[in-house]
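To start, I am sharing the structure in question, which I have written as structure tokens.
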Amino acid sequence: MEKNMRVYRKQRSEAFRKDDECEARIKGVCLYAATDLQHKKGRGKFFLVKKYQIKVCRACHVHIENHSEWAKENDLAVSRLTE
């Protein structure tokens, strides 16, 4: 797990080095400056897969976590049961 965390920290650093704009842009929620990485497929075996990571502001991240079905319908989350 320690190796995974090193890789994750590097991925996160690289993602935010390019820009810090929220990719979710949820209307009425978004703060625009991304601070978090949303793991669209959770933090399980897909934890380090970049295509399932998006930069989000804290407000959008909380909204996504609290509205999982809506997030899936809007491509901000993916079912963990699908490959």
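Counting Lys and Arg as +1 and Asp and Glu as -1, each charge on the Cβ, what is the dipole of the range 2-73 about the Cα centre in debye, to the nearest 20?
That gives the range 2-73 a dipole magnitude of about 440 debye.
Quick check on the exposure proxy: order LYS55, LYS10 from fewest to most C-beta atoms within 10 angstrom.
Ascending number of Cβ neighbours within 10 Å: LYS10, LYS55.
Counting only pairs 8 or more places apart or on different chains, how many lysine pairs in the chain have C-alpha atoms closer than 18 Å?
23
For the chain, what percent of Cα pairs sit more than 21 Å apart?
I get 27 percent for the Cα pairs in the chain exceeding 21 Å.
Readers should treat all values here as calculations from the given coordinates under stated rules, not as data from a laboratory. None of the values given here were measured: they were computed from a predicted structure. FYI the Cβ positions are ideal-geometry reconstructions off the backbone, even for glycines, and counts take in every protein chain you see.
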